[in-house]
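In what follows, a single structure is set out as structure tokens and then discussed.
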Amino acid sequence: EAVRSLLAALGTSLPSPGAAELAFMQPLLTDASFTERLRRNRNRLLGQLVTLRRLANTVARCVSPLEDLVAPALRTSGAKDVAPWWTRRDDAILLAGAYKHGVRNIEDIRNDPGLPFTASLALA
């Protein structure tokens, strides 16, 4: 409940984090330098934190993430395909790559020979 109060005090609007997510966030939300950063970037940062934690939990439940992970369907209408050859399987592999290398490590994801995208991303 203390974490929910801290989130409310920061004025953020997030999807409702579960009990495990709240427990994970509590130490972060009591650190002064982190909370100042949150005040400046609160919605974006906390949204990413919850999303990454959910990804980690999803990957942890997979026996073989590259085989078992299923990317959710996009909820937005009018979304364009990344490329004509891109599939939902590639979306799942991209999620596994983001989990393995970090969301912003695109070059590492692109060049990882263990991530079997439908087509080579090395030259993309």
Practice problem: Considering only the range 23-50, state which residues are surrounded by fewer than 13 Cβ atoms within 10 Å (Cβ to Cβ) and among the polar types (S, T, N, Q). | Solution: Q26, T30, S33, N41, Q48
Self-check item: Those helices (runs of 4 or more DSSP H) lying entirely in the range 1-86 with at least 3 residues at pLDDT 80 or above
Solution: 19-29, 32-61
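The values are calculated or read from the model by the stated rules, or taken from the named source; none is laboratory data. Since we're looking at a predicted model, the values are computed, not measured. We place every Cβ from the backbone using ideal geometry, glycine too, and count neighbours over all the protein chains shown.
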